[in-house]
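Each remark here refers to the structure printed beneath this line.
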Amino acid sequence: MTSAPPPVADAAAQAVMDLEQQYVLQNYARYPLVVSRGKGCHLYDLEGRRYLDFITGIGVNALGHAHPRIVKVLREQAGLLIHSSNLYFHQYQGPLAKRLAEMSGLDRTFFANTGTEAMEGALKMAKAHGRAINPEKYGIVALENSFHGRTLGALSATGQPKYRQDFEPLLPGVKFVPPNDEAALEEAIDGRTAAVVLEMIQGEGGICPLTASFARKARELASLYHAFLIADETQCGVGRPGTYFAYQRSSPVILPDIVVAAKPVACGLPLGFIVANPEAAAAIKPGMHGSTFGGGPLACRVALEFLDILDELMPAIQRVGGYFHVSLNELARKHGFVKEVRGFGLMLGVDLAIPGKQIVLDAMAEGLLINCTHDTVLRFLPPYIATEKEVDQAIRILGKLFAKL
């Protein structure tokens, strides 16, 4: 089995791509690869060529592909009950909510489908709470370079003009400040602020961590002005930084009022969540928010199994993440066009002085799947089951490509 795809797509792959190009909305700039199955840390195309998957469905497939414990639970639960709606109780929402409360240090959970949907619910919590204090208390303070989703509410708090410009005007009252600029943050937050929204490690913005000092200042100011501090952990949380959530990396922990997350929690099934403290949770009364699919029995049962496995893997995430970070830095020292290696755990980025798109395509041709964000940052989101062996393989491929540059 070879790794590199041919320069021209196979007939079967081309037929798949042609059909999509004819009938599917053309809003994705897809890579010329048709995947058919996965096993462990690898994906396979229609011809059986193998690829080391270090982007994992943009952080979703955290246990790799076809993990035996997840497959077993999926098969069992699919034969029992897939969906029941939130008109009724089922036996998995409560235990999962309890587990998330214990992990986060917060209290109550709302189950959604995606990170974007979770962010929408969190913004509604903040605005409802603010309105109860003062009808003018609806402002949102967010960060430049941030990404919180593509619905109109989440997009309003996303600090990248390229995502916003075609849909403006968006929600009023949103201010953006530069990441880690404490003076700008202090100037932006006032009595009309309902929420401060942070990604502790900006993902789409180029794998950029916030400083503990900046996060602490955000916590202080949010408390001072009776605003909610919202931590968007959709990409940087749920084990990926080597802790349950990225805000837990600081000591002492800077506890948000609301945490939103999604991506890996149900191993490929759509499941997002909001977990909130009692004050934030009380802002949403019966009938004010809901979700048809959120928190179904299949997704919740899979999530419970995932979290059991995550506890077992956490030491390995820290160890392998550290090993990968060191290996990338060693590679960076050999190549002047590498500006910086950033991130924690198994969420790492290599910031380049040149565009990264072609490197992503060349890596795919060598059997390594990564992507590029913010134009110049190679993004790595390996599966939590990756070992030093897979890291070495990725480094060998990157070293080969970097040497050509």
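Here are some notes:
- Listed by chain and number, the aspartates and glutamates placed with their C-alpha closer than 15 angstrom to that of Lys217 are Asp181, Glu182, Glu186, Glu187, Asp190, Glu199, Asp257; residues fewer than eight positions away on the same chain are left out.
- Cross-link reach list, lysines versus Lys39, counting only Cα pairs under 18 Å and skipping chain neighbours closer than eight places: Lys72, Lys389
- In percent, rounded to a whole number, the relative contact order of the chain is 22, using alpha-carbon pairs under 8 Å and six or more apart.
- Within a straight-line Cα-Cα reach of under 17 Å, Lys285 can be paired with the following lysines, leaving aside sequence neighbours fewer than 8 residues apart in one chain: Lys124, Lys127.
- Ratio Rg/Rh [Cα only; Rh per Kirkwood] for the stretch 70-308: 0.97
- If you plug the beta carbon distance of Gln22 and Asp308 into 1/(1 + (r/R0)^6) with R0 = 41 Å, you get a FRET efficiency near 0.40.
- Amide H contacts under 5 Å for Glu340, placed H, 5+ residues apart: Asp351
- In order through the stretch 255-268: 3J(HN,Hα) via Karplus (6.51 cos²θ - 1.76 cosθ + 1.60), integer Hz, x for Gly, Pro: 7, x, 7, 9, 10, 10, 7, 6, 5, x, 5, 10, 6, x
- Alpha carbon centroid spacing (whole Å) that separates the stretch 104-149 from the stretch 8-59: 35
- Modelled label positions at Arg37 and Val71, each set 7 Å beyond Cα in the direction of Cβ, lie 0.9 nm from each other.
- Taking 7 Å steps out from each Cα toward its Cβ at Lys124 and Arg30 produces label points 3.2 nm apart.
- If you plug the beta carbon distance of Ser223 and Leu152 into 1/(1 + (r/R0)^6) with R0 = 25 Å, you get a FRET efficiency near 0.30.
- The phi-based Karplus calculation (6.51 cos²θ - 1.76 cosθ + 1.60; θ = phi - 60°) puts the 3J(HN,Hα) values of the stretch 130-135 at x, 5, 5, 8, 6, x Hz, whole numbers, x for Gly and Pro.
- Distant-in-sequence amide contacts of Leu348, defined by a placed amide H-H separation under 5 Å and a gap of 5 or more residues or a different chain, comprise Phe380.
- The chain: most fluctuating residue of Thr292, Thr114, Thr387 per GNM, C-alpha cutoff 10 Å: Thr292
Here, each number is a calculation from the coordinates, and none is a lab measurement. Nothing here was measured: the structure is a model prediction, and the numbers come from that model. Note: ideal-geometry Cβ built from the backbone for every residue, glycine included; neighbour counts use all protein chains shown.
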